[in-house]
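No value in this document is a laboratory result; all are computed from the given coordinates. A quick note: this is a predicted structure, and the numbers were derived from the prediction, not measured. Don't worry about glycine lacking a Cβ; one is built from the backbone with ideal geometry, like all the others, and counts go over all protein chains shown.
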Amino acid sequence: MDDLDRKIEEALTEEDRALLSQFGEQGIFGQLGGLFQGKLGWLSMVTFVVATVMFVIGAWAAWKFYMANDVVVMLKWAGLAWFGLMAQMMIKIWSWMRMESNRMLREVKRLELQIARGQAR
């Protein structure tokens with residue numbers, strides 16, 4: 001906690017501290033669980049399933065690549081493995097970006113709450 005955070009904490013009343021503690025910083029698993037809630041929760045579930053399928057396809061194709069004897073066949077399996085694993089990684093990066101945007105929205109809502117409570121006094 002830096003100096004600015006400490007000053008903000010000291011300026012809050014006990015009631016404000018109790019209320020804001022409910023909306024504190026989430027851990028990685030809390031953020032991951034937040035992906036499956038809200039209006040886009042269904043989309044996160046679909047992308048989770050697609051990412052799992054892409055990983056299985058990529059791993060299976062990598063195994064087939066390893067077992068192949070012909071160079072042309074090896075290249076085909078390598079291409080499929082690359083596609084499956086890259087698709088899975090892109091979906092994972094998209095999920096990480098959603099987690100970050102959810103974190104930012106939560107912080108903005110905390111600020112809105114503080115402003116609204118400050119104006120009510």
Per-pair calculated FRET efficiency, R0 = 41 Å: ARG110 and VAL53 via Cβ, rounded to 0.05: 0.65
Residue by residue through region 76-88, the couplings from Karplus 6.51 cos²θ - 1.76 cosθ + 1.60 with θ = phi - 60°, in Hz, x for Gly and Pro, are 5, 5, 5, x, 5, 4, 4, 4, x, 6, 5, 4, 5
Let me have the relative contact order for region 27-120, percent, based on Cα pairs under 8 Å that are six or more residues apart. 32 percent
